[in-house]
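What follows is one structure encoded as structure tokens, with my remarks underneath.
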Amino acid sequence: QVQLVESGGGLVQAGGSLRLSCAASGRTITGYVMGWFRQAPGKEREFVAAISWSGSYYADSVKGRFTISRNSARNTVYLQMNSLKPEDMAVYYCAARKGAVISTEPDEYAYWGQGTQVTVSS
């Protein structure tokens, strides 16, 4: 079992930055793909970014603005979000998928955090 706890959400003006953290416990994250997803009111959960030992992958909507990274010593994954836009506003979730193959499908991630709210004011 992997337990995930997100933090770092909040209110930011458009153009600003936030860094989300996802602290994992129960298992070391080195054996997992770690992903970030988001869900806005009335919309489906959507892929944002993911990272494995072999690399990272981003949704087109955040490419060049968001950076995913991991600190294996701290068993933590981060999402640095720059140049935030109002359309980035959502609850952001951290997720874990055993193995090394990155997937953009939420159903392929077995472990989820509780989410952290990101609000972007225009």
Which residue pairs have Cβ atoms closer than 9 Å, lie 6 or more positions apart in sequence or on different chains, and pair a first residue in the stretch 96-109 that is farther than 14 Å from Ala49 by Cα with a second residue that is charged (D, E, K, R) and surrounded by fewer than 17 Cβ atoms within 10 Å (Cβ to Cβ)? Lys98/Arg27
It is to be established whether one or more residues within the stretch 31-54 are touching a residue at least 12 places away in the same chain (Cβ under 8 Å), in a loop (DSSP other than H, G, I, E, B), open to solvent by 30 Å² or more (accessible area, probe 1.4 Å) and among the small types (Gly, Ala, Ser). yes
When residues of the stretch 72-100 are filtered for being farther than 15 Å from Arg27 by Cβ and touching a helix residue (DSSP H, G or I) at 6+ places or on another chain (Cβ under 9 Å), how many remain? 2
Over the stretch 55-85, the set of residues assigned to a strand (DSSP E or B), open to solvent by less than 40 Å² (accessible area, probe 1.4 Å) and under 21 Å from Leu11 (Cα atoms) is Phe66, Ile68, Val77, Tyr78, Leu79, Met81
Picked from the stretch 86-122 (must be exposed (fewer than 14 other Cβ atoms within 10 Å of the Cβ) and under 29 Å from Gln13 (Cβ atoms)), the residue modelled with the lowest pLDDT is Ser122
Scanning the stretch 74-111 for residues that are in contact with an Asp or Glu (Cβ under 9 Å, 6 or more places away or on another chain) and among the polar types (S, T, N, Q) gives Thr104
Please go through the stretch 1-27 and give me each residue that is buried (at least 17 other Cβ atoms within 10 Å of the Cβ) and outside any strand (DSSP E or B), ordered by number. Val2, Gly9
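The values are calculated or read from the model by the stated rules, or taken from the named source; none is laboratory data. Keep in mind that this is a model prediction, so the values were computed, not measured. Cβ atoms come from the backbone with ideal geometry, glycine included; neighbour counts cover every protein chain shown. Surface areas here come from the heavy atoms of the whole protein model, side chains and all, with no ligands, DNA or RNA. Shrake-Rupley method; radii C 1.70, N 1.55, O 1.52, S 1.80 Å.
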